[in-house]
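Visitor: A single structure is presented below for examination.
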Amino acid sequence: MASGAGLSTDSVCAGASASLGWLARGVPGVHALGNRLVRFRLAVAGFIVVAIIAGCGAAATTPPPTAAPTPTPTPDIHLVDPASIDRVYSQLRKAGLSIAANNAVVGTEPVKTLNLTYASWPLLLEQYSSAAALVSHTDFDPKKKPGFGDAPFRFAGLNVYVEFGPHVQNGEPAAPDYRAIDAAKALVVALDPLIGPLAQSSVTAIDLPSVAPTPTPSPTPTKKPKPTKKPKPTRKPKP
């Protein structure tokens, strides 16, 4: 009921209930009248009152609380050593990187090589039998920048070695332009959850999402001081 009428929903429902009881008991004088028209009007009025009461009951029903949606856990896509570069390649594609496959080579060390194209530059993925084998079979050194014949971006994580960019044969690789840098950043963002933390050797260093832990040097044992020898007593001269 509108507020302008001065009646609340509760008062309307209460009045409808009272009217229904009044109709059920009978209206004085109806039997005496014996008029069918009066009976018909009373039946219609009773139907309207029942409909109002049914509406009041429906309005009073409180809807059940809506259950909160259960959060979906984020899957862990990080690989373990030895990781498969086929899995790495598949996840890079799922991350939205536009990569074209050229060929694959199977060998000893590296166990497998994927020659790809990404952002119009060569992209190389090499899989070694272990992280230790990667270190012993490549000249990758994160403390040095790429040198003669190296790609401008080089990364390593677990047992996977990655090169991005052309191999310059007539000198050291030049600083790449902003498009190549942006492509390298996107590559690192996609690689880190898979094989991170990454190490890199790049002409232009890329911010790594997670930093490889630096090995803590073993403490040098402290030498114990040698005991001081007591001086020999001085002989007294003879008289």
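Visitor: Just to be sure before I move on: is V111 under 16 Å from G196 (Cα atoms) and aliphatic (A, V, I, L, M) in the structure I sent?
Guide: Answer is no for this residue.
Visitor: Kindly indicate whether any position in the range 194-203 is assigned by TED's automatic domain parsing to the domain that holds S98, under 23 Å from G96 (Cα atoms) and part of a helix (DSSP H, G or I).
Guide: Scanning the range 194-203 turns up at least one residue that is assigned by TED's automatic domain parsing to the domain that holds S98, under 23 Å from G96 (Cα atoms) and part of a helix (DSSP H, G or I).
Visitor: Could you name every one of the strands (runs of 3 or more DSSP E) located completely within the range 47-136 that has at least 3 residues being at pLDDT 95 or above and within 14 Å of G157 (Cβ to Cβ)?
Guide: 121-127
Visitor: If a residue must be farther than 18 Å from L116 by Cβ and either surrounded by 16 or more Cβ atoms within 10 Å (Cβ to Cβ) or under 28 Å from the mean Cα position of the chain (by Cα) (or both), how many such residues does the range 146-158 contain?
Guide: 2
Visitor: While we're here: Quick one: N170 ticks every box in (1) free of Cβ contacts under 8 Å to residues at least 12 places away in the same chain; (2) in contact with an Asp or Glu (Cβ under 7 Å, 6 or more places away or on another chain); (3) not aromatic (F, W, Y) bar one, so which box is it?
Guide: If we test N170 against (1) free of Cβ contacts under 8 Å to residues at least 12 places away in the same chain; (2) in contact with an Asp or Glu (Cβ under 7 Å, 6 or more places away or on another chain); (3) not aromatic (F, W, Y), just (2) comes out false.
The values are calculated or read from the model by the stated rules, or taken from the named source; none is laboratory data. This is a predicted model, so every value here is computed, not measured. We place every Cβ from the backbone using ideal geometry, glycine too, and count neighbours over all the protein chains shown.
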